[in-house]
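In what follows, a structure is listed as structure tokens, so that the remarks can point back to it.
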Amino acid sequence: MVVVVSENPLVKRQFGHRARLALSPAEVSNTDAQAHAARTMWNLLHAWWQMMPKDKRTLANADAAIRQARKDLDFLAVLPAQAAQAVLRTYFQAWRNCWAGRADAPNFKGRFRSVMSVDVPQGRDLNIKRVHRRWGMVNLPRIGRVRFRWTKNLPVGKDSHTDNRITGARLVKDALGWHIAFRVQTLETAPGPHQGPEVGIDAGVSLPLALSNGDHQDHGRPPRLPDGTADRDKWLTPKEKAKLLRLEREAAHRKRLRKRGEKTSRRLQHTYDQIKQLRAKATRRALDWQHQTTTYLARTYGVVVVEALTITNMVKSARGTVEEPGKNVKAKAGLNRSISQEAWGRTTAMLTYKLAQRGGTLVKVPAPGTSQRCSACGLTTPGSREDQATFVCKNPHCGWSGNADFNAARNILHLYRIGLVAIPAAGRCSRQARKRVKPATAR
């Protein structure tokens, strides 16, 4: 008997896959009712947590309160029992994340501010089956068999077993309708070391991703309009931009006619929904570009070096205070909007897990000085970065000139090669969470 020993061990991989659901109007209504019940369950749990003494905040007491609430309130009974238990586990996990410094303290969920979602914690209840090249069928509790868009091979049927299976799902609604996010678990061979070259990446606004070898990645959409203002709708076509402008003007006009305290009319709410659909379409296009670009970078390069940016500090307002008002507030607001649209943090997160799947590595280096230092001579000379897009070294012995983002990308790669790597700081709990006492019985 011959035993084949693999050089690379097997590793368990967990990832998510999102697909669009095709629901009838009645199914949409039932799913909306479940999502509203899940949000109400969360708010009731939070109110129960604030009302109960610290020694009574246990998982068993919260479970008993949920069971009693589902018996007393009919609109909570539309939520499946397993989905209600998922809300309970998610709420307690939110407090654990807060105590560990990974997130802020949980709060109430608003009707229009929060994302509508329903959890399906048991994967065996889904009973997924592929019925067409582009469509699959899934069983949703208390909704029935519905179709979803088949865009990725899932471990179903003969391919489904203990190691490769779907462990659960979550129904999520956005402006374009309901989607299902599968939680997939697979057992794969650990990838070997990536043989690709090293590259430094500088994230910018005029040039989204500038690479140290000149292989820049651009989405072909200028960040600013001809008049110099920031283009907040660069992912929309000209017709869609015109439609969005018309809808925003209609919404402003109807809102002006509404009396104070008066409920939003259906016509105004319909206009808001159309605006949300266009915004969601632009977000989807930006996300698609990020996925394609990061997949290409993860396949091509073995080590990707980026800056350790604190984006929340970069997009702070320049308004200032009444005593010390800020300067160039509108220009800074446009820059903040452009930075937020590029979603640098999401790009870094995508590169992290895609590189790990292919044996690559993502490294972060300190950000200060990378855009002011000359990549040819290594000196920081005042006045070299007079233009936003061009870098001209003022060192009389150098005089190198080129694209400013390309110069920064070369500096980023150089910092990695000399061993100057940023160490991630430990997370801190918010001020509100630090003031709370951790009940030992609720952990």
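The values are calculated or read from the model by the stated rules, or taken from the named source; none is laboratory data. All of these numbers come straight from a predicted model, not from anything done at the bench. Heads up, the Cβs are rebuilt from the backbone with ideal geometry, glycines too, and the neighbour counts pull from every protein chain shown.
A few comments on the model shown:
- Among the criteria (1) assigned by TED's automatic domain parsing to the domain that holds V205; (2) more than 30 Å from L420 (Cβ to Cβ); (3) not small (G, A, S), the one L278 does not fulfil is (1).
- Test: residue in the range 207-226 that is at pLDDT below 90, among the basic types (K, R) and touching a Lys or Arg at 6+ places or on another chain (Cβ under 6 Å): yes
- Taken together, the residues in the range 357-401 that are surrounded by 14 or more Cβ atoms within 10 Å (Cβ to Cβ) and at positive phi amount to 1.
- Given (1) at pLDDT below 85; (2) under 30 Å from R89 (Cα atoms), number of the condition A356 does not satisfy: (1)
- Residues being β-branched (V, I, T) and in contact (Cβ under 8 Å) with a residue 40 or more places away in the chain - total across the range 379-418: 1
- Counting only residues that are of a type outside the set (A, V, I, L, M, F, W, C) and assigned to a strand (DSSP E or B), the range 140-182 holds 12 of them.
- The one condition from (1) more than 25 Å from the chain's Cα centre (by Cα); (2) surrounded by fewer than 18 Cβ atoms within 10 Å (Cβ to Cβ); (3) within 17 Å of V172 (Cα to Cα) that F112 does not meet is (1).
- Only one of R285, R232 that is of a type in the set (K, R), closer than 30 Å to I412 by Cβ and surrounded by 17 or more Cβ atoms within 10 Å (Cβ to Cβ): R232
- Residue that is nearest to K332 (Cα to Cα), among those in the range 300-321 that are loosely packed, with under 14 Cβ neighbours inside 10 Å and out of contact with any strand residue (DSSP E or B) (no Cβ under 9 Å at 6 or more places or on another chain): S317
- Any hit, the range 95-108, residues being among the hydrophobic types (A, V, I, L, M, F, W, C), in a helix (DSSP H, G or I) and over 18 Å from W49 (Cβ atoms): no
- The range 366-378, residues that are touching a residue at least 60 places away in the same chain (Cβ under 8 Å) and farther than 9 Å from N411 by Cβ: A367
- When each of E262, E248 is tested for being more than 26 Å from H179 (Cα to Cα), assigned to a helix (DSSP H, G or I) and of a type outside the set (G, A, S), the lone residue that passes is E248.
- Residue that is surrounded by the most Cβ atoms within 10 Å (Cβ to Cβ), among those in the range 167-202 that are small (G, A, S) and under 25 Å from the mean Cα position of the chain (by Cα): G200
- Within the range 252-284, the set of residues being over 28 Å from the mean Cα position of the chain (by Cα) and not charged (D, E, K, R) comprises A252, H253, L257, G261, T264, S265, L268.
- For F182, the conditions (1) on the phi > 0 side of the Ramachandran plot; (2) assigned by TED's automatic domain parsing to the domain that holds T31 are fulfilled apart from (1).
- Only one of the numbered conditions (1) touching a residue at least 24 places away in the same chain (Cβ under 8 Å); (2) part of a loop (DSSP other than H, G, I, E, B) is not met by A280, and that is (2).
- Qualifying residue in the range 336-349 (condition: in the same structural domain as Y296 (by TED's automatic domain parsing) and more than 22 Å from the chain's Cα centre (by Cα)): no
- Hits in the range 334-365 - residues which are touching a Lys or Arg at 6+ places or on another chain (Cβ under 9 Å) and free of Cβ contacts under 8 Å to residues at least 40 places away in the same chain: N336
- Checked across the range 130-139, the condition of being in contact (Cβ under 8 Å) with a residue 40 or more places away in the chain, outside any strand (DSSP E or B) and either assigned by TED's automatic domain parsing to the domain that holds D32 or crowded, with 17+ Cβ neighbours inside 10 Å (or both) holds for no residue.
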